[in-house]
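Structure first, then comments.
FYI, it's all coordinate maths here, none of it is from the lab. Since this is a predicted model, take the numbers as computed values, not measurements. Using ideal geometry, Cβ is built from the backbone for each residue, glycine included, and neighbour counts are taken over all protein chains shown.
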Amino acid sequence: MNNDEFRSTAHEFVDWIADFLENIEKYPVLPKTKPGEIKAQLPGYPPLEGEDMKAIFSDFEKIILPGITHWQHPSFFAYFPANSSQPSLLAEMLTATIGAQCMAWQTSPAATELEEVVMEWLRKMLGLPDDFTGVIQDTASTSTLSALITAREKTTGFSVNEAGFYQNSGNRRLAVYTSSEAHSSIEKGAKIAGFGKKNIRLIPVDDDFRMIPSKLEEAIRNDMDNGITPCCVVAAIGTTSSLAVDPLRKIGELCRSYNLWLHVDAAMAGTAAILPEKRWILDGIEHADSFVFNPHKWMFTNFDCSAYFCKDPKHLIKTFSINPEYLKTDADMKVKNLRDWGIPLGRRFRALKLWFVIRSYGIVGLQKMVREHIRLAEEFAKWAEEDGRFELTAPQSLNLVCFRFNPKIVKMDEAALERINKALMDELNDSGKLFLSHTKLGGKFTLRMSIGQTSTAYKHIESAWNLIKTAKAIF
């Protein structure tokens, strides 16, 4: 493809993208694709000769697009928002065009320095302490893994990286603490970091699914009495299932008392802290050693872009820095080489899209959209509570509503309630008009209404509620 052909095709693609965004509601949110159906339409061997771009794009429309779950659809209410925006897409186009490798300052000076600036902007927007310094990771899972490894090294005097987990002085077992409602990435990260699943303590939660500090302290003291070294606590600002907010201040005070690393996972809910009236979710954040939230979940910045903050970057750098001769530059003593701030060497220019989004919307514009999503969730929760056939299974939190069909006039056991709510969810999702996902809270099969897509408006949640309350599964 020469540059003239590229220019012409690129214009066609941009027109297609704009049309797609404008008409996205015409697509089913969840495709009816069966397992193996896409693969069956694709050849088993790559082409020997190059193909025309029109033919490739035609297959994209005929084969690929019908099998896409449309996360950007305004009636996508499943899992969590992974929203995007036009400014973010434009920046991503530039990022792909430049093709910068941002592992060190010298490999892309502007990328490093812009990242420093936008992370400081985010710190101020969320009201994080002045001594927090940020870096962009790919996902919250990677950020949490980075925190766990850094906590491991700090606790062992940075000996595990040097001598191995069971060769460091004392051969100590280290324990990680998180709530029973915590995200699965914590268990996965603890296993990857070498703690071992047996050394992960799942702390009980209260009736609102928040970690119980007294149970945390009990687990810490029990480990100490048994010769196990408490290492790290992971608190949730917005658990995955119910968006419960752990009591951060009490947890933080315990961590300071026992000299434990405190990592705060606010992957989706953290965005709410840009609203002054919601900043209570971060009460006690000054006790944290690290903190993560994802602009790619609820701040209109397309995947991937995870904002990771650390109170003392020296611990981070000492844990991850490796400086072979071929990476050394004359500028190293004067700049930040962000390859030393996390796991991968290679780094994408993620700061550009975040910069575009913040500048395009402004703080006020972002706040307006986040407030509206929270208002819509509150409205939906009110409808569910006022309808005698439904109940909330957790306190409505920010932009998430956890609910289920449970008519009080008909007595059903949990097995029957699970069957009917599963049938309700399947009916709704099969319609292609909306997409809900589920969880279990206290053993109760629960539907989750997560409201956070960029273009979601009142009419979309009103339509969703009408479909839910008139579904055949509940009649």
TODO: Would you compute, for the Cα atoms of region 344-420, the largest minus smallest coordinate along each principal axis and list the three values in descending order, in whole Å?
DONE: 56, 34, 16
- [ ] Assign unit charges at the C-beta atoms only (+1 for Lys and Arg, -1 for Asp and Glu), then state the dipole size of region 100-348 relative to its Cα centre in Debye, rounded to the nearest 20.
- [x] 460
Open item on the list: Give me the percent relative contact order of the chain, please, defined on Cα pairs under 8 angstrom at least 6 residues apart.
Closed with: 22
Task: Cβ-based exposure ranking for Tyr27, Tyr458, in which fewest neighbours within 10 Å come first - done: Tyr458, Tyr27
TODO: Would you work out the relative contact order for region 100-348, in percent, from Cα pairs under 8 angstrom that are 6 or more residues apart?
DONE: 26
Open item on the list: Would you report the distance distribution of C-alpha pairs in region 380-440 as whole percents per 10 angstrom bin, up to the bin with the largest distance?
Closed with: 20, 52, 28, 0
Open item on the list: Run lengths n ≥ 4 of DSSP H only: what is the helix-derived mean residue ellipticity at 222 nm for the chain, with -39500 (n - 2.57) per run over all residues, to the nearest 500?
Closed with: -13000 deg cm²/dmol
TODO: For Ser8 and Ala416, compute 0.36 nm times the residue count separating them, minus their Cα-Cα distance, and round to one decimal in nm.
DONE: 141.1 nm
Open item on the list: How are the alpha carbon pair distances in the chain distributed across 20 Å bins from zero to the largest one, expressed in percent?
Closed with: 22, 51, 26, 1
Open item on the list: Can you tell me which aspartates and glutamates have their Cα less than 15 Å from the Cα of Lys411? Leave out same-chain residues fewer than eight positions away.
Closed with: Glu391
Task: For region 100-348, the spread of Cα positions along each principal axis, largest first, Å - done: 51, 48, 27
- [ ] May I ask you to order 317-328, 149-160 by the average number of other C-beta atoms within 10 Å around their residues, highest value first?
- [x] 149-160, 317-328
